[in-house]
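Enquirer: Sharing a structure here in structure tokens format.
The values are calculated or read from the model by the stated rules, or taken from the named source; none is laboratory data. Keep in mind it's a predicted model, so treat the numbers as computed, not measured. Don't worry about glycine lacking a Cβ; one is built from the backbone with ideal geometry, like all the others, and counts go over all protein chains shown. Each accessible area value is taken on the protein alone, full model and side chains, heavy atoms only, with ligands, DNA and RNA left out. Shrake-Rupley method; radii C 1.70, N 1.55, O 1.52, S 1.80 Å.
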Amino acid sequence: MRTPKTALPRRRRLATALLTAVALVAAGGVSACGDGSATAGDGEKRPLRIGYQRFGGLSLVKARNAAPDVEWSLFESGPALTEALKAGSIDIGQVGEAPPVFAAAGKIPFSVIGTSAPVPQGEAVLVKDDSGYRSFADLRGRTVALNKGSNVHWLLVRLLEANKMTLKDINVKYLKPAEGRPAFDNGQVDAWIIWDPYFALAEQPGVRVLADATGLASNREYVLAAPDAVQNRADDIRAFLRTYRTVTDWGIANPAERARTLAPELKIAEDITSRALDRSAKPLAPVTPAVGDELQAIADGFVALELVPGPVDIRARVDSRFNEVFQ
């Protein structure tokens, strides 16, 4: 029997209609996520939306349920979190020192409203103990893995400068933390540049720290906020930041209890949690002009290497209106 000629076109029309419907639903979801208003659809005040990464100071706030009225969103890395700022799906987020630069270069709107004391020991270059590498210069011609646009990207830049090398001297492989660990364990890369707690998790027998950021990069934590939230919800942000600081100070004063509290949240062993926190958990700090200068130097460095398009005026993103919370 001859197949009717209308069968295939009808299927195509049905498929097109289905794809159109899916696109419309997706567009509606993005639109809803991007609603920056302070009120929900029913007229009630909506909670602040907080983006956090495992292990960062905000994880402790969440683990202690110290801010029960906020909404939490977990991100694997800073670049993913800044994309959420771009989409309008979070109001506040916590990242390392490179993500703000990449986000600013990408024209993502945000303000830098807080920072931390330096954490240079909290990121490192890891190699296998039997590799024979004794300095970063020994990695010339080798494959080095890291997460693009994250804090360790700036550490790589500084390590290259310190050893009179360029990006052409190594083979850079951009891998997210979940990809970097198996690649390192299986010998697919020669070195892995990573931050805590992934750093602490990888510190197994046979793994050695080749270098950390001491003397090279501050590796500060930065608190970013969406401009709409800063403009329209300053009191709410200020109240949340006070909670954030109180919990951070409590954790520093009570390291053993801090580790017991965070280990289940991080889903890693308490001893590993404690080791990572002992070197990486630092007090929060205000965003001073010196901090702005530090960020600008990072931005200028990335622009000079053509890793981001320039110019990038990251100094202009620093907003000191919440500094009294951190002083």
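Enquirer: Applying the selection to the stretch 211-235, what residues are closer than 21 Å to Thr143 by Cβ and in contact with an Asp or Glu (Cβ under 8 Å, 6 or more places away or on another chain)?
Expert: Asp212, Ala213
Enquirer: Taking the condition within 24 Å of Arg245 (Cα to Cα) and of a type in the set (Phe, Trp, Tyr), does Phe302 pass? Give the derivation first.
Expert: Working: within 24 Å of Arg245 (Cα to Cα): no; of a type in the set (Phe, Trp, Tyr): yes.
Judged against the criteria, Phe302 is not a match.
Enquirer: Here's a follow-up. Report yes if Ile272 is β-branched (Val, Ile, Thr), surrounded by 15 or more Cβ atoms within 10 Å (Cβ to Cβ) and modelled with pLDDT under 95, otherwise no.
Expert: On the way: β-branched (Val, Ile, Thr): yes; surrounded by 15 or more Cβ atoms within 10 Å (Cβ to Cβ): yes; modelled with pLDDT under 95: no.
Spelling it out, it is not the case that Ile272 is β-branched (Val, Ile, Thr), surrounded by 15 or more Cβ atoms within 10 Å (Cβ to Cβ) and modelled with pLDDT under 95.
Enquirer: Please state which one of Leu81, Leu74 is of a type in the set (A, V, I, L, M, F, W, C) and surrounded by 19 or more Cβ atoms within 10 Å (Cβ to Cβ).
Expert: Details: Leu74 fails: surrounded by 19 or more Cβ atoms within 10 Å (Cβ to Cβ).
One residue alone meets the criteria, Leu81.
Enquirer: Step by step: first the residues of the stretch 130-155, then only those that are within 15 Å of Gly215 (Cβ to Cβ) and not aromatic (Phe, Trp, Tyr), then the one that is farthest from the chain's Cα centre (by Cα). Which residue is that? Explain how you work it out, then say what you get.
Expert: Let us first name the residues in the stretch 130-155 that are within 15 Å of Gly215 (Cβ to Cβ), namely 135-136, 154-155.
Those still in the list that are not aromatic (Phe, Trp, Tyr) too: 135, 155.
Numbers: Ser135: 27, Leu155: 14 Å.
Among those residues, the one meeting the criterion is Ser135.
Enquirer: Which number in (1) at pLDDT below 95; (2) open to solvent by less than 50 Å² (accessible area, probe 1.4 Å) marks the one condition that Ala234 misses?
Expert: Answer for Ala234: the failing condition is (1).
Enquirer: With modelled with pLDDT under 80 and either surrounded by 13 or more Cβ atoms within 10 Å (Cβ to Cβ) or not β-branched (Val, Ile, Thr) (or both) as the only criterion, which of Gly51, Gly43, Gly57 stands out? Quick ask: steps written out before the conclusion?
Expert: Details: Gly51 fails: modelled with pLDDT under 80; Gly57 fails: modelled with pLDDT under 80.
The unique qualifying residue is Gly43.
Enquirer: Can you find a residue in the stretch 316-323 that is over 30 Å from Arg64 (Cα atoms), in contact with a strand residue (DSSP E or B) (Cβ under 9 Å, 6 or more places away or on another chain), in a helix (DSSP H, G or I) and open to solvent by less than 60 Å² (accessible area, probe 1.4 Å)? Give the steps one after another, and end with the answer.
Expert: Quick first cut of the stretch 316-323, residues over 30 Å from Arg64 (Cα atoms) only: 316-317.
From what is left, the residues that are in contact with a strand residue (DSSP E or B) (Cβ under 9 Å, 6 or more places away or on another chain) are 317.
Okay, now just the ones that are also in a helix (DSSP H, G or I), so 317.
If we keep only those that are open to solvent by less than 60 Å² (accessible area, probe 1.4 Å) as well, we get 317.
Yes, the stretch 316-323 has at least one match.
Enquirer: Now for a separate question. Please find, within the stretch 275-293, the residue that is nearest to Ala98 (Cα to Cα) out of those that are open to solvent by 50 Å² or more (accessible area, probe 1.4 Å) and assigned to a helix (DSSP H, G or I).
Expert: Across the stretch 275-293, the extreme among qualifying residues is Asp293.
Enquirer: Here's something else I'd like to know. Which strands (runs of 3 or more DSSP E) sit wholly inside the stretch 146-225 and have at least 1 residues that are open to solvent by less than 40 Å² (accessible area, probe 1.4 Å) and closer than 29 Å to Leu241 by Cα? Break it down into steps so the answer makes sense when it comes.
Expert: Working: elements: 171-174, 191-195, 207-212, 222-225.
In the stretch 146-225, the matching strands (runs of 3 or more DSSP E) lie at 191-195, 222-225.
Enquirer: Return the only residue of Ala239, Ala256 being at pLDDT 95 or above, loosely packed, with under 14 Cβ neighbours inside 10 Å, hydrophobic (A, V, I, L, M, F, W, C) and not in a loop (DSSP other than H, G, I, E, B).
Expert: On the way: Ala239 fails: loosely packed, with under 14 Cβ neighbours inside 10 Å.
Checking each option against the conditions leaves just Ala256.
Enquirer: In contact with a Leu (Cβ under 8 Å, 6 or more places away or on another chain) and more than 19 Å from Ser280 (Cα to Cα) - does that describe any residue in the stretch 116-124?
Expert: no
Enquirer: Looking at the stretch 124-137, is at least one residue over 17 Å from Leu155 (Cβ atoms) and in a loop (DSSP other than H, G, I, E, B)? Outline the logic, then answer.
Expert: Going residue by residue through the stretch 124-137, those that are over 17 Å from Leu155 (Cβ atoms) are 128-132, 134.
After this cut, where a residue has to be in a loop (DSSP other than H, G, I, E, B) as well, the list is 132, 134.
Yes; the residues of the stretch 124-137 include at least one that is over 17 Å from Leu155 (Cβ atoms) and in a loop (DSSP other than H, G, I, E, B).
Enquirer: Further question on the same structure: Read through the list (1) open to solvent by less than 10 Å² (accessible area, probe 1.4 Å); (2) under 22 Å from the mean Cα position of the chain (by Cα), then give the number of the only condition that Val127 fails.
Expert: Just one mismatch for Val127, condition (2).
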